[in-house]
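Enquirer: I'd like to ask you about the structure that follows.
The values are calculated or read from the model by the stated rules, or taken from the named source; none is laboratory data. As the structure is a computational prediction, the values presented were derived from the model and not from experiment. Here the Cβ positions follow ideal geometry from the backbone for every residue, glycine too, while neighbour counts run over all protein chains shown.
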Amino acid sequence: MAGFQFDPTQLSQELQAFNQQLAQSYQTLSEIREVDVWQTPKTEIYRQDKLRLYHCPAQGEQRCTTPLLISYALVNRIYMIDLEPERSLLRRLVEGGLDVYLIDWGHPDRADRFLDLDDYIHGYLNDCVDQVCLHASSDQLNLLGICQGGTFSLCYSALYPQKIKNLITMVTPVDFHTPDNMLSALARYVDTDLAIQCYGNLPGELLNQTYASLMPMALGVQKHLNMPGQLQSKAQALSFLRMERWLEDSPDLAGEAFREFFEQFFKQNLLIKGEAMIGEQRVDLKQITQPVLNIFGSHDHLVPPAASRALEQACSSQDYEALELGAGHIGVFVSGKAQTVVAPKIVDWLRLRSQG
């Protein structure tokens, strides 16, 4: 502290500027009546229990002949890829000529306490694949999995390789025990049986708090200090609030599915070992021989790059490609690079491999 220079005049100016920003943010927020998401037109084509399957038809003249199914994680909602027109990975894919289908897992309640990974992968995901193929009159589809939905997609592609033409994974953990995986290190101390006894289904809010605790300054103190500056105009405020709406819209996790996923993947790292079980079937990633595009962020604090890079050696694809983006876990979808780099890459990569 000996070299610290304290300037009362500068401090006074900074406080006045912050106070002006704060007053303007109140004014801006008072003018907003609704925070809209789900920007791209979609049609529900199938529902089962809480699950909904949506279709967003391709636009433009150059269209990919194979449909694309997107599977998101069970926590948070899939409209992350469609927050607003300027930050919509979904819209860029549709505009690029992809026929896109989306799984919305919905919000589990107490009736779903005993849903397990068998139900989600052999049941819901498999049913959605069949419904997409039926709707699109196609024998196969392209599968894109995001985060935990990417892990589900890996399991599914290994178990049902004949149904998947091309596989894309985004910010997807494969090796859950890399040294820099803070979430996995924390998860190993969670008593999953006790958690399920206490909660039934694991609260999504609890998971959000856990994620935020991994970067307490950036996602806590600094975020709130910067907030007034992000609310100066209606457009800025809506952009901020759409993200906040998505962050807080966190479904609970079905109890048994949560227990199985944490025990097998986070604690025992069975996926990379080839020992994960979905129902009575073992998941062997070497069964994945389809073309694979693996996309991840170099600054991802939830799924560090090493956790995703492990896929190259774990699968048997002879057409494997990785795309590392200079972004965090969410930036991979909503940053400018997501619109100008990620979406065009997916479109071009799929179009090249999906014809015929």
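Enquirer: Is it true that some residue in segment 290-306 is under 24 Å from Thr66 (Cβ atoms) and either of a type in the set (Gly, Ala, Ser) or touching a Gly at 6+ places or on another chain (Cβ under 6 Å) (or both)?
Expert: Taking every residue of segment 290-306 in turn, none turns out to be under 24 Å from Thr66 (Cβ atoms) and either of a type in the set (Gly, Ala, Ser) or touching a Gly at 6+ places or on another chain (Cβ under 6 Å) (or both).
Enquirer: With respect to Gln13, is the statement that it is of a type outside the set (Asp, Glu), touching a helix residue (DSSP H, G or I) at 6+ places or on another chain (Cβ under 9 Å) and without any contact (Cβ under 8 Å) to a residue 60 or more places away in the chain true?
Expert: In short, no.
Enquirer: Asn142: within 19 Å of the chain's Cα centre (by Cα) and at pLDDT below 95, yes or no?
Expert: No; evaluated as a whole, the condition is false for this residue.
Enquirer: Given (1) acidic (Asp, Glu); (2) more than 21 Å from Gln264 (Cβ to Cβ); (3) within 21 Å of the chain's Cα centre (by Cα), where does Asp119 come up short, assuming only one miss?
Expert: Unmet condition: (2).
Enquirer: Is it true that some residue in segment 290-298 is part of a helix (DSSP H, G or I) and closer than 17 Å to Leu183 by Cβ?
Expert: no
Enquirer: Under the condition of being of a type in the set (Asp, Glu) and outside any strand (DSSP E or B), which residue from segment 299-336 is surrounded by the most Cβ atoms within 10 Å (Cβ to Cβ)?
Expert: The qualifying residue surrounded by the most Cβ atoms within 10 Å (Cβ to Cβ) is Asp300.
Enquirer: Follow-up. If we scan segment 333-348, do we find a residue that is of a type outside the set (Val, Ile, Thr), touching a strand residue (DSSP E or B) at 6+ places or on another chain (Cβ under 7 Å), more than 19 Å from Tyr211 (Cα to Cα) and in contact (Cβ under 8 Å) with a residue 24 or more places away in the chain?
Expert: Among the residues of segment 333-348, at least one is of a type outside the set (Val, Ile, Thr), touching a strand residue (DSSP E or B) at 6+ places or on another chain (Cβ under 7 Å), more than 19 Å from Tyr211 (Cα to Cα) and in contact (Cβ under 8 Å) with a residue 24 or more places away in the chain, which makes the answer yes.
Yes/no per residue for (1) over 16 Å from Gln39 (Cβ atoms); (2) crowded, with 21+ Cβ neighbours inside 10 Å; (3) without any contact (Cβ under 8 Å) to a residue 24 or more places away in the chain:
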position	(1), (2), (3)
Pro85	no, no, no
Ser88	no, yes, no
Leu93	no, yes, no
Val100	no, yes, no
Arg113	yes, no, no
Leu117	yes, yes, no
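Enquirer: Which residue pairs have Cβ atoms closer than 8 Å, lie 6 or more positions apart in sequence or on different chains, and pair a first residue in segment 23-47 that is more than 13 Å from Gln236 (Cα to Cα) and touching a residue at least 12 places away in the same chain (Cβ under 8 Å) with a second residue that is hydroxyl-bearing (Ser, Thr, Tyr) and crowded, with 16+ Cβ neighbours inside 10 Å?
Expert: Val37/Tyr79; Trp38/Tyr79; Gln39/Ser88; Thr40/Ser88; Lys42/Tyr54; Thr43/Tyr54; Ile45/Tyr54; Ile45/Tyr101
Enquirer: Could you say whether any residue in segment 213-233 is surrounded by fewer than 19 Cβ atoms within 10 Å (Cβ to Cβ), of a type in the set (Val, Ile, Thr) and either under 18 Å from Asp193 (Cα atoms) or in contact (Cβ under 8 Å) with a residue 12 or more places away in the chain (or both)?
Expert: Within segment 213-233 (the criterion being surrounded by fewer than 19 Cβ atoms within 10 Å (Cβ to Cβ), of a type in the set (Val, Ile, Thr) and either under 18 Å from Asp193 (Cα atoms) or in contact (Cβ under 8 Å) with a residue 12 or more places away in the chain (or both)), the answer is no, since none of the residues qualifies.
Enquirer: Consider Glu275 against the criteria (1) surrounded by 15 or more Cβ atoms within 10 Å (Cβ to Cβ); (2) assigned to a loop (DSSP other than H, G, I, E, B); (3) without any contact (Cβ under 8 Å) to a residue 24 or more places away in the chain: it satisfies all of them except one. Which criterion is unmet?
Expert: With (1) surrounded by 15 or more Cβ atoms within 10 Å (Cβ to Cβ); (2) assigned to a loop (DSSP other than H, G, I, E, B); (3) without any contact (Cβ under 8 Å) to a residue 24 or more places away in the chain applied to Glu275, the lone miss is (1).
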